[in-house]
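Throughout, read-outs are computed from the coordinates displayed, never taken from laboratory work. Computed from a predicted structure; not experimentally measured. Using ideal geometry, Cβ is built from the backbone for each residue, glycine included, and neighbour counts are taken over all protein chains shown.
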There are 2 protein chains.
Amino acid sequence: MTLLQREILQIAQSASYASKALAQLSSADKNQILSSIANELQKSSNEIIRANEIDLINAREAGLSEAMCDRLALNESRIKAMAAGVLEVVNLSDPVGFVIKEDIRPNGLNIKKIRVPIGVIAIIYEARPNVTVDAAVLCFKSGNAVILKGGSEAIESNKVLISIITRAIEKTNPEIRDAFQLITSTDREAIKYLVQLEGIVDLVIPRGGEGLIKNVIEHARVPVIKHYKGICHTYVDKSADLEIALRVSENAKCNRPATCNAMETLLVHREIAKTFLPKMAEIFNKKGVELRGCSASREIVPSMKHATEDDWSAEYLDLILSVKVVDNLGAALSHIDRYGSHHSDAVIAQDSEVQNKFLTHIDSAAVFVNASTRFTDGAQFGLGAEIGISTDKIHARGPMGLEELCTYKYVVTGKGQIRE
Amino acid sequence: MTLLQREILQIAQSASYASKALAQLSSADKNQILSSIANELQKSSNEIIRANEIDLINAREAGLSEAMCDRLALNESRIKAMAAGVLEVVNLSDPVGFVIKEDIRPNGLNIKKIRVPIGVIAIIYEARPNVTVDAAVLCFKSGNAVILKGGSEAIESNKVLISIITRAIEKTNPEIRDAFQLITSTDREAIKYLVQLEGIVDLVIPRGGEGLIKNVIEHARVPVIKHYKGICHTYVDKSADLEIALRVSENAKCNRPATCNAMETLLVHREIAKTFLPKMAEIFNKKGVELRGCSASREIVPSMKHATEDDWSAEYLDLILSVKVVDNLGAALSHIDRYGSHHSDAVIAQDSEVQNKFLTHIDSAAVFVNASTRFTDGAQFGLGAEIGISTDKIHARGPMGLEELCTYKYVVTGKGQIRE
């Protein structure tokens, strides 16, 4: 065992030990602790900003783009928002202990299916330091210990954030002080070893790009729920209400192009393309969206760039959109089957047969009729805050909130029943 | 790519293709097909028995025990039972299309969470040929294509069974004839390659012993739900009703010792051990159960063999039981935490505080108060037939029935809503 492996094992075992105590905490205790965390975060904003400045200096030296540096930066108001986010989790109902189903069997056995924490959850992510706090408190509220492995650019900020959270807890609940663990090593071996710790780590959630996801699933022996890319489509049928098609498409692309539920490809039925595409292109031009079209699209809107095969499977996360004219619904479905990422896909149509075929055929976490794919989101779906959007089918699909951070167990109460 | 890999890929792709058509079948169509399968199985009993005889001859030549040969053997009445089992699945309600939750959001969006098939499920198992039919029809009813990899001893029986099922289908529904796939290669590379087919195979369920499970999780890139061993405990508290303790312990061990929900270790509170253990030993002696006790148990019942450290983590699947005297509830909980397999554990107690501590502390798929661990079973829990008992926490825990063979998707219907 290497020194690094020993360190990771120690982290995981501490988390596992704390998870047992955490699973027994009452809702009132958890909410009390969340309030302390919010309080401690606000009191410590100078400390957070100082650590964040080191990350920012390193990031600029390493040549990170200004957009990336902005994502990384923390200031008074962002820290206030972070603390407010923690207080919002206080108001979410506690998933633990909820009776999902109850049955009294003919032999008199009472069988309850009860929601319980998963145990130890490892979250591997890139990006912004606010994810550190969000992930930590959502795991905490659902009774799970968490092992966080953030991006190396945010390392100093993350260290301070976790030390503040731990500080807020150890005064009142020293038995769970190890429930928040941060892996600070930037060695890829750390993740490789972590995801093999079967029986200690119960679940790994990788959130990020292809390299990160591949590294996890290649080595994992622990269950994995991927939060992978969103290649989201909007299909405008010939039966579409034009006004809806224009408004929804604009929103799906432009509302927040860097999110995984933003549209990346627009599919348009041939019979409506001549009416729809010029108007759509005008709107996108005004918004600064670069359009990359198939030959048929470019015949209608010659200013589009030429889309290559790679464009159909690209997650731009930017003001870029690929556009394709299709002959019919079947061609749209085949395109989405082939190039989609099973995240979120929408149909704009008035014809209910087209709507239904789309909804039953498309195998994505969320399928939409006459609405923007941007709605795939825990809060928008009424599930409360989310740890992310699962692109897997097992356990959690789509927005993953507090309930999805839990498993269940069967509690069976009898009076001496035996099986015949 | 090797020839074997090409063959496995071809099998998986055929299953994936058929799964799309299968997912769209109505309940009536699926039930009609299940009836045809039952019918075809009964009509083909001679064909099945002939193939099974080849397996039996090979098994005896390979020196398999008579008990194992009996598990392998098929005859008229067993085939009748198999067909009857298929007809029972007709009567189970179709999980596909069920609306788990529906919500109309403040912006008017209608959000439905709908149960849908997972897609392609690979099941890797040892043992009896009836599992082949059970697994095939449960996956079918839940709308999933299945790839079966059974034990090599049952290969001829399995081949015939799958060809009969396929025959029953291809007349009426040629588009789903590939929904039932059997891997006939006995090369370990077959499984290794199969479980890496991300994006084609959606879930792998390994059912069996340590070697099989390890081979799967070591190589898998596809999600895995393990059906692993049951080291089940019964803890007899000092507050136990003696009569219940005796009856339930006997049942948990002797009712069907070869099953994963049978008790393997009996823990007894020191204060009740002197009264309870001699009576318990007498019952177990009559039943031919070999007892292996700790020193304290052997002081009370000297005829017990001496339990070694290995006994505490042994899954005997036989008429053998390890027995340990513990000082208190805490010691019982620690023992189960350390040696248990998180399958099924029971407490026999009248003291409700003891009951509650046991139920909340023990992290197993099923926890029992005053009842036999033998009840952990889909039918006994009222879930209908089961594909097996999951020992994992993610997606499905405990008995895995038709609902657990499904995932869900969000279907969102709007009137042009956009996100602000």
- [ ] Could you pull out every one of the strands (runs of 3 or more DSSP E) wholly within the range B:70-184 that has 1 or more residues that are of a type in the set (S, T, N, Q) and away from chain A (no Cβ under 14 Å)?
- [x] B:180-182
Open item on the list: Checking the conditions here, which among B:L92, B:L87, B:L9, B:L74 is in contact (Cβ under 8 Å) with a residue 60 or more places away in the chain and in contact with a helix residue (DSSP H, G or I) (Cβ under 6 Å, 6 or more places away or on another chain)?
Closed with: B:L74
Task: Flag if A:E420 is part of a loop (DSSP other than H, G, I, E, B) and either of a type in the set (K, R) or more than 10 Å from every other protein chain (Cβ to nearest Cβ) (or both) - done: no
TODO: Any chance you could count how many residues in the range A:311-342 are more than 23 Å from A:I283 (Cα to Cα), more than 22 Å from the chain's Cα centre (by Cα) and among the polar types (S, T, N, Q)?
DONE: 2
Task: Selection within the range B:365-391 - within 7 Å of another protein chain (Cβ to nearest Cβ), surrounded by fewer than 24 Cβ atoms within 10 Å (Cβ to Cβ) and either of a type in the set (D, E) or not in a loop (DSSP other than H, G, I, E, B) (or both) - done: B:V369, B:N370
Task: Candidates A:H219, A:H233 - the one that is more than 14 Å from chain B (Cβ to nearest Cβ) and more than 24 Å from A:A73 (Cα to Cα) - done: A:H233
Open item on the list: Restricting to the range A:128-137, give me the number of residues that are touching a residue at least 60 places away in the same chain (Cβ under 8 Å) and either more than 12 Å from the chain's Cα centre (by Cα) or more than 25 Å from A:Q196 (Cβ to Cβ) (or both).
Closed with: 4
TODO: Could you tell me which numbered condition B:V354 fails, if it satisfies all but one of (1) facing chain A (nearest Cβ under 10 Å); (2) among the β-branched types (V, I, T); (3) not in a loop (DSSP other than H, G, I, E, B)?
DONE: (1)
Task: Pair list, Cβ < 6 Å and 6+ apart or interchain, from the range A:277-298 residues that are under 17 Å from A:A252 (Cβ atoms) to residues that are of a type in the set (K, R) and outside any helix (DSSP H, G or I) - done: A:R292/A:K305
Open item on the list: Filter the range B:202-216 down to the residues that are out of contact with any Pro (no Cβ under 9 Å at 6 or more places or on another chain), within 14 Å of chain A (Cβ to nearest Cβ) and touching a residue at least 40 places away in the same chain (Cβ under 8 Å) and list them by number.
Closed with: B:I205, B:P206
